[in-house]
Each structure stands twice: as structure tokens, then as C-alpha cells.
Amino acid sequence: MSFNQPKNIDKYSILSVLGDGAMGVVYKGYDKEIDRHVAIKVLHPHLLRGEMGDEFVQRFHQEVRAAAKCLHQNIVTIFNCGDYNNSPYMVMEYVEGLDLKEILKSQKKFTLSQAIGMIRNVLDALNVAHEMGIVHRDIKPANILLLDNGLVKVTDFGVAKIDSSDLTQIGDIIGTPSYMSPEAKSGTLVDNRSDLYSTTLVLLELLTLKSLRTTQINTIISETLEQLEISTSQREKLLTVLNKALAINPEHRYQTAIELSKAISEILETAIDIYQQADELAETVIQLKSSIKPSSDTNDVNQLTSSSLSQYRPSDLSIVEKILTKHLGPIATVLVKKQANKNATMDQLLGSLSRHIPSTKERDNFMHSMESSGILKNGGSKIQSQVQHIQDSQSSHNNSRKLFLSEQDIKKLTKELIIYLGPVAKHMIKSALNNARTYEELYTILANKIPDLKQRQKFLNNQ
């Protein structure tokens with residue numbers, strides 16, 4: 001669908017297009033007043049024309065009301081709403097990560113524990129919505145986001161049903177067919193149990209990497225589960241849960257999100273360490289982002305470099321960032337901008353960036369890639385030798401041991417990090433200490449856990 005990207009929507013600067021769906025286009029915006037990136041969803045103007053125009057507007061406002069009522073760490077937060085060129089828009093929390101649809105396309109395999117952990121997060125979100133009388137009605141991988149810090153968030157309440165709503169004209173058969181419950185497909189009244197049915201289909205897809213048609217489920221589930229690397233006991237429990245959760249009659253299914261969450265938790269033989277799993281999932285997102293799609297912040301970097309980093313060509317910095325991302329993940333975006341402000345020449349910049357790459361082999365690969373790109377002119381060996389000398393000195397100074405922080409230092413750092421990551425901050429610090437030899441490495445590892453680019457930069461500037 002074609003549309004012209006605006007420069008501004010009210011007070012929000014528009015940076016890029018994040019997506020274009022059936023009901024609207026989603027932009028990445030920036031709120032200068034509070035220094036925050038946001039996602040802005042604007043209803044397509046063509047939907048407002050014709051006899052159904054008023055209905056679409058009402059449904060859009062219903063999405064705003066539905067999501068705004070649900071304040072939970074596993075639900076994308078709504079900040080504001082308004083009208084732009086006579087089209088309604090809403091302002092949402094901007095999160096960095098990948099949706100499960102993209103991750104599943106990569107054929108990434110999850111363990112049983114990881115899959116169940118993510119689905120429990122989804123069920124926590126749905127439990128909050130259901131208790132407020134809201135049925136999502138479009139649970140699917142594309143509407144489940146896995147963030148850079150390992151958190152899971154549910155988004156897009158665009159077809160949500162609110163108990164008090166009188167909307168019926170376009171709402172009785174609505175959702176995504178592959179993940180619809182039988183009652184949703186038939187156009188009969190749906191309730192929270194329909195969401196649980198769809199969520200179970202997502203769980204099955206996470207485990208099998210296959211999107212199964214509902215007509216295939218009863219004949220294929222047993223055969224599919226035989227291929228999973230789980231114990232016989234777990235396989236039997238999982239089969240029992242799936243058969244009940246995917247029953248055709250809603251009365252025969254689990255009746256609440258809490259009930260289903262408890263049932264899938266009992267499949268596991270050991271309890272989930274939520275902090276360790278968040279670390280694992282964060283690493284998964286960071287590794288996949290560079291291979292699945294380019295960094296969403298590349299345009300932001302080019303805009304910033306063109307004005308404040310005039311000693312470098314934006315195209316060169318973009319190449320450096322892309323190559324560095326292969327070694328460090330999305331934190332490369334922040335590091336390139338920060339180090340470019342500190343270093344006067346490209347040689348000095350690449351030397352500074354190299355020191356953030358812990359592996360000697362990867363540092364060599366980084367410099368070789370810089371030479372191959374033409375940005376570095378025969379200076380890679382000299383720079384790498386200097387970097388290696390610094391690394392060796394640091395290693396000797398630290399007596400080849402990992403970085404040690406006192407409890408007081410950990411408390412101080414936790415206070416800084418908790419602003420961006422919440423209560424998992426202290427665990428993230430202790431986990432990062434297992435891999436860091438210097439303060440610079442520690443801050444780099446921790447910054448990688450912060451989803452928002454601006455917030456990463458603020459955190460790094462505090463070191």
C-alpha cells in the first residue's frame with residue numbers, strides 16, 4: 001500500500017515506517033519533550049470512506065481503550081491518541097526486538113522450557129486483559145514480541161472484543177484464520193477461551209516450527225511430538241495439555257489463562273529460572289536481528305551523524321555499524337556514534353571500537369572486513385597490534401581474572417540500570433560479570449540488554 005510518510009504527527013517527529021497492516025500504518029516517532037521514541041499507528045484514510053467508515057473509526061478507538069486499560073509488563077503500553085489529517089492515531093510504547101513470526105521464519109529452535117516460558121508471559125498478559133473483560137481475538141506469532149532484553153510483550157488489540165462494546169457489524173468473524181478457534185471461525189460468540197485456544201496453537205508452532213491447520217491437529221499432534229527431544233513423561237503431559245486446550249467445545253478446554261499456565265508449567269520437570277531464561281532469549285534476539293533484518297535504527301544514526309559527526313561520511317559509519325553489529329549485536333549502533341564523537345580519525349575510531357570485541361579472532365575479522373570495505377587503508381595490522389597490546393595489558397592488570405565488583409559497587413550500578421531494565425537489573429549485572437574483564441566490557445554487555453537506543457546511549461554515557 002502506498003502512502004506518504006509525514007515529517008511530523010502533532011508533536012512527534014516521524015523517523016521511519018515500522019509496518020503497514022490492514023487497518024493502519026505504524027511509524028517510529030520521537031517525542032522531543034520527554035526524549036522518548038514511540039510507535040505511532042495511524043488508521044488508513046481509505047477505511048474512513050464508505051458506509052463502514054464510522055465502524056472502523058469506532059473499532060480503532062476501541063483498540064486504544066482496550067490496550068490503555070491493560071497496564072502490564074507483558075503488554076505494549078498505550079501513551080496517547082489523537083487525529084492526524086482526519087485519521088485517528090494512537091501512540092504506543094516503542095520496543096526493540098522481533099516478533100515471533102519473524103523468529104519462526106528463521107527456523108530457530110526453542111527448548112521446551114523456553115517455549116513454555118514465553119507462552120506463560122503471553123498468558124500473564126491475557127489474564128490481565130480477560131479480567132478487565134477484554135478478549136484479544138487475534139493472538140498469533142506476529143502479535144507476540146520478543147524484546148532485546150528477553151521480555152515478551154503482546155501487542156495489537158485492533159480486533160479486541162470489549163464486553164461493553166456494541167460493535168457487531170464487522171466484528172463477528174474477525175482475526176487470523178490459521179490461529180482462530182472453531183467458534184471464532186463459525187462467527188459465534190467468542191470469549192477468553194478463544195484466546196487460550198489461539199495461544200496453544202502458537203505454543204505448538206514454537207515447538208514444531210510448523211503452522212498446523214486446525215483440521216490437521218488431531219491427526220498430527222502425536223506424530224509431531226514424537227520428534228521433540230523431551231522425556232516420555234513430558235511428551236505424555238504435553239499431549240494431554242494440547243488435547244484439552246485445543247478441544248473443539250470451549251467447555252472442554254482450560255477455562256482461564258491461569259489454569260492453562262499452571263498446566264503447561266507442570267509439564268516441566270524443573271522450575272523455570274526466569275532471569276536466566278531472559279538472558280538466553282535476549283541473546284537469541286540479538287543474534288537473529290542482524291541476520292533477519294537490518295537494524296531499525298540505521299536511519300537514526302545517519303541523521304545524527306550528518307549533523308554532529310561531520311568529520312566522517314555517513315555512508316562509512318553505516319558500513320562500520322553493520323560490520324560491528326555482526327560481532328556485538330545492536331549495541332554497535334550506540335558505540336559507533338559515541339566513539340565517533342571521541343575520535344578524530346577513522347583509524348582511531350576503528351581502534352576504539354575493536355577494543356569492545358573480546359575475541360582476538362573476531363577483532364581480526366572485524367579489521368579484515370574494514371580493509372575489504374575500503375574504509376581502512378592497510379592499517380589494520382598496526383591498529384590491531386596496538387589493540388592487542390592494550391588488551392594484554394588489561395588482562396595482566398586484572399591477573400587474567402574476571403572483573404570483580406564489591407556489593408556496594410553492584411548496588412550503585414543496579415541503581416543506574418534499574419531505570420532501564422526494572423527489577424532484573426541486579427541479576428543482569430551478576431550475569432554480565434561472568435564475561436567481563438573491564439568496566440568498559442561490563443557496560444557494553446549491560447547496555448546490550450537495554451531495548452531503547454537513546455536509553456542505551458544515556459547508560460553508556462554514565463560509565
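The values are calculated or read from the model by the stated rules, or taken from the named source; none is laboratory data. Bear in mind that the values here come from a model prediction, so they are computed numbers and not experimental data. Glycine also receives a Cβ, built like all others from the backbone with ideal geometry; neighbour counts cover every protein chain displayed.
Does Asn86 qualify as being touching a Leu at 6+ places or on another chain (Cβ under 9 Å) and surrounded by fewer than 18 Cβ atoms within 10 Å (Cβ to Cβ)?
The answer is yes for Asn86.
Within segment 132-150, can you find the residues that are in a loop (DSSP other than H, G, I, E, B), among the hydrophobic types (A, V, I, L, M, F, W, C) and modelled with pLDDT of 90 or more?
Ile139
Suppose the filter is assigned by TED's automatic domain parsing to the domain that holds Leu442 and either at pLDDT 80 or above or crowded, with 19+ Cβ neighbours inside 10 Å (or both); does Arg363 pass it?
Spelling it out, Arg363 is indeed assigned by TED's automatic domain parsing to the domain that holds Leu442 and either at pLDDT 80 or above or crowded, with 19+ Cβ neighbours inside 10 Å (or both).
Please work out if Glu226 is modelled with pLDDT under 90, within 29 Å of Asn149 (Cβ to Cβ) and not assigned by TED's automatic domain parsing to the domain that holds Ile323.
No, not satisfied.
Just checking, which of Ser431, Ser369 is at pLDDT 75 or above, closer than 18 Å to Leu335 by Cα, of a type in the set (Ser, Thr, Tyr) and buried (at least 17 other Cβ atoms within 10 Å of the Cβ)?
Numbers: Ser431 fails: closer than 18 Å to Leu335 by Cα.
Of the residues listed, the single one that is at pLDDT 75 or above, closer than 18 Å to Leu335 by Cα, of a type in the set (Ser, Thr, Tyr) and buried (at least 17 other Cβ atoms within 10 Å of the Cβ) is Ser369.
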